[in-house]
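Values quoted throughout were computed directly from the atomic coordinates according to the rules given, and no laboratory measurement underlies them. Note that the coordinates shown come from a computational prediction; the quantities given were computed from them, not determined experimentally. Here the Cβ positions follow ideal geometry from the backbone for every residue, glycine too, while neighbour counts run over all protein chains shown.
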Amino acid sequence: MTATPDGVQVVWDPVFNRYDFGRWHPMAPIRLDLTARLCEALGLFSAPGVRVVSAQPADEALLRTVHEPEYVRAVQAASADPGSAQAVFGLGTEDDPAFPGMHEAAARIVGGSVELGRALLAGRALHGVNFCGGMHHAKPGCASGFCVYNDAAAAIRAMLDEGAERVVYVDLDCHHGDGTEAVFWDEPRVLTISVHESGTTLFPGTGFADELGGPGALGGAVNLALPAGTRDAGWLRAVHSVVPQLVESFRPDVLVTQHGCDTHALDPLGHLVVSLDAQRVAAESMHALAHSAAGGRWLALGGGGYEVVDVVPRTWAHLVAEAAHRPLDPSTPLPEGWRAHVEESVGREAPRRMTDGGSGAFQGWSSGYDPGDPVDRAILATRRAAFPLHGLDPDFD
Ligand SMILES: [Zn+2]
Ligand SMILES: [Zn+2]
């Protein structure tokens with residue numbers, strides 16, 4: 001079966017479960033496995049227009065478009081002999097322990113996201129989803145925050161190499177998208193926007209409003225640092241008060257979005273209080289924005305998300321459904337077969353519906369703002385720092 005130009009490619013193959021830092025690590029492969037099983041059980045992988053594709057590991061030349069050669073060699077060495085991992089490259093650390101096959105597993109995620117990017121540019125698909133990807137902390141010269149190779153950055157680089165003139169990357173993970181930002185810090189063709197929990201309370205401690213990009217690309221990095229405890233309406237208001245304005249002004253050829261779902265209230269690492277329903281609304285908005293401002297070309301990636309039963313599978317199944325133009329009604333019951341599998345394999349009761357009961361309601365910036373409100377203050381700081389560099393009004397839409 002060949003993909004139609006308006007179709008969606010979704011990267012999945014059980015081989016992606018090999019990205020496995022070990023039993024007690026939060027980035028457990030079961031999060032991907034349960035997501036894929038839920039997509040299958042909901043009929044999303046067999047829906048018209050959807051093509052599920054595997055991927056080969058990216059080769060060294062491709063990895064070197066983003067990563068330093070010494071770092072790639074260090075990952076290969078640690079992958080062959082985990083005992084040789086070098087902390088100077090972020091390897092063998094608590095966050096990024098080395099494991100056999102680590103190089104291939106991480107490079108395969110890159111291979112998947114790059115293939116999607118190329119498919120979008122070549123017109124073989126309109127949307128691409130790689131929920132195994134979104135490894136946004138990986139830096140040119142080191143692993144960081146559970147991320148070995150930065151698939152998002154490699155996909156963006158590949159699209160620039162194949163003719164894209166401008167790309168916007170929107171990072172909705174609870175953590176600052178520091179690695180992807182670093183790769184394109186001085187690249188005027190790429191605008192990175194990260195909306196995250198403030199670095200004052202969460203790893204990696206960066207991503208404040210005054211971090212705006214290098215001298216060759218001032219305004220090319222935009223950061224919105226939200227206070228811990230921000231809830232649905234504040235998070236959605238924040239996303240919608242910076243992202244659409246900047247994307248519409250930048251007019252990219254492709255919109256790349258990272259959907260880390262560790263913003264969820266139940267996530268064990270982050271401190272935002274976002275529901276599945278708000279995450280679904282955000283995915284819907286990113287999809288609409290791709291159509292209104294990026295010729296429809298949309299590459300959606302996963303990211304963080306460590307509540308593996310109640311959060312990750314449902315959030316990313318909604319994402320796949322949205323990209324497949326088959327959005328799921330929040331009241332959709334979860335398939336009994338999937339629930340039974342969860343209960344057998346994890347020993348926990350699975351959720352019953354595709355919702356947390358949130359309304360997804362929020363007020364846009366045009367309704368006015370309250371300088372005494374901590375979320376509005378964070379939004380205003382970002383708008384005042386970044387919007388003038390894009391010819392936008394920082395105070396009013
Ligand atoms: Zn995260
Ligand atoms: Zn669409």
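Only one of the listed residues (P57, P48) is part of a loop (DSSP other than H, G, I, E, B), of a type outside the set (F, W, Y) and under 15 Å from G111 (Cβ atoms). That residue is P57.
If you go through region 296-308 one residue at a time, do you hit one that is within 24 Å of D253 (Cα to Cα), within 16 Å of ligand 2 (Cβ to nearest atom) and in a loop (DSSP other than H, G, I, E, B)? Yes, there is a match, as at least one residue in region 296-308 is within 24 Å of D253 (Cα to Cα), within 16 Å of ligand 2 (Cβ to nearest atom) and in a loop (DSSP other than H, G, I, E, B).
Restricting to region 326-340, name every residue that is part of a loop (DSSP other than H, G, I, E, B) and either of a type in the set (K, R) or free of Cβ contacts under 8 Å to residues at least 60 places away in the same chain (or both). If the condition is that a residue be part of a loop (DSSP other than H, G, I, E, B) and either of a type in the set (K, R) or free of Cβ contacts under 8 Å to residues at least 60 places away in the same chain (or both), then R326, P327, D329, P330, S331 are the ones that fit.
May I ask you to say which residue of G357, G368, G372 is surrounded by fewer than 13 Cβ atoms within 10 Å (Cβ to Cβ), of a type outside the set (D, E) and in contact with a Ser or Thr (Cβ under 8 Å, 6 or more places away or on another chain)?
Criteria check complete, one pass: G357.
The residues in region 201-212 that are touching a Ser or Thr at 6+ places or on another chain (Cβ under 8 Å) and within 17 Å of V170 (Cβ to Cβ) can be counted, and the count is 2.
Only one of the numbered conditions (1) over 25 Å from R51 (Cα atoms); (2) within 16 Å of ligand 2 (Cβ to nearest atom) is not met by E343, and that is (2). When W298, W316 are checked against the criterion of being in contact with a helix residue (DSSP H, G or I) (Cβ under 9 Å, 6 or more places away or on another chain) and over 19 Å from V168 (Cβ atoms), a single residue qualifies: W316. The residues of region 259-290 that are touching a helix residue (DSSP H, G or I) at 6+ places or on another chain (Cβ under 6 Å), away from ligand 2 (no atom under 16 Å from the Cβ) and not in a helix (DSSP H, G or I), listed by number, are C261, V274, S275. So for region 309-324 (the condition being part of a loop (DSSP other than H, G, I, E, B), in contact (Cβ under 8 Å) with a residue 40 or more places away in the chain, closer than 18 Å to V281 by Cβ and within 16 Å of ligand 1 (Cβ to nearest atom)), does at least one residue qualify? Among the residues of region 309-324, at least one is part of a loop (DSSP other than H, G, I, E, B), in contact (Cβ under 8 Å) with a residue 40 or more places away in the chain, closer than 18 Å to V281 by Cβ and within 16 Å of ligand 1 (Cβ to nearest atom), which makes the answer yes.
Scan region 118-136 for residues that are part of a loop (DSSP other than H, G, I, E, B) and basic (K, R) and the total you get is 1.
With the condition kept exactly as written, say whether any residue in region 68-86 is touching a residue at least 60 places away in the same chain (Cβ under 8 Å), assigned to a loop (DSSP other than H, G, I, E, B), away from ligand 2 (no atom under 16 Å from the Cβ) and not basic (K, R). Scanning region 68-86 turns up at least one residue that is touching a residue at least 60 places away in the same chain (Cβ under 8 Å), assigned to a loop (DSSP other than H, G, I, E, B), away from ligand 2 (no atom under 16 Å from the Cβ) and not basic (K, R).
Scanning region 255-280 for residues that are under 15 Å from the mean Cα position of the chain (by Cα) and among the β-branched types (V, I, T) yields V256, T257, T263.
Scanning region 226-277 for residues that are closer than 24 Å to G133 by Cβ, among the aliphatic types (A, V, I, L, M) and more than 15 Å from ligand 1 (Cβ to nearest atom) yields L236, A238, V239, V242, V243, L246, V247, V254, L255, V256, L276.
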